[in-house]
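Everything below concerns the one structure shown next.
Only the coordinates and a few stated rules stand behind these numbers; no lab work does. Small disclaimer: the values here were computed from a predicted structure and weren't measured. Glycine gets a Cβ as well: all are built from the backbone with ideal geometry, and neighbour counts include every protein chain shown.
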Amino acid sequence: MERMGIKIATGFTLALLSFLGTVQAHAAAASIEARYACTNAQGFVVTRTADKALVQFDGKSYELQRKPSSIGVKYISATAALIVDGPSAVFVADDRFQLGTCLQTKRMASSR
């Protein structure tokens, strides 16, 4: 009888671990979209996941990879960088001028 209880407990534990793995994989795939308005009357949209960000600015898209940072959350590519710190963001790119201070105006979760 005790052996049956162990088998049931093991089966339940395996099912729970499988479910949690599925939930974690789905959460990692979820993305957050945020719009930013900058002091020079320009703005951009950022779609972020756990490991990358897509910045859409002035009709152009920049795909950036997340990198470790002691200041906010940092994403970089060979030609652009984005640092998000709370409601503030700084975005610079080789082919763009300084946007000044940018503040989040809208945020929505999506699951792309």
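Tally the residues that are hydrophobic (A, V, I, L, M, F, W, C) and over 9 Å from the mean Cα position of the chain (by Cα), restricting the search to the stretch 30-39.
3
Restricting attention to the stretch 72-109, which residues are among the β-branched types (V, I, T) and closer than 18 Å to T39 by Cβ?
I83, V84, V90, V92, T101, T105
Out of all the residues in the stretch 40-76, which are among the polar types (S, T, N, Q) and under 15 Å from the mean Cα position of the chain (by Cα)?
T47, T49, Q56, Q65, S69
Being farther than 14 Å from A34 by Cα and surrounded by 12 or more Cβ atoms within 10 Å (Cβ to Cβ): is that true of S69 here? Please lay out each step first, then the result.
Working: farther than 14 Å from A34 by Cα: yes; surrounded by 12 or more Cβ atoms within 10 Å (Cβ to Cβ): yes.
The answer is yes for S69.
Looking only at strands (runs of 3 or more DSSP E) that lie completely in the stretch 40-112, which have at least 3 residues being among the charged types (D, E, K, R) and either touching a Ser or Thr at 6+ places or on another chain (Cβ under 6 Å) or under 23 Å from A30 (Cβ atoms) (or both)?
60-67
Among the residues of the stretch 34-92, what is the count of those that are without any contact (Cβ under 8 Å) to a residue 12 or more places away in the chain and β-branched (V, I, T)?
Total satisfying the criteria: 0.
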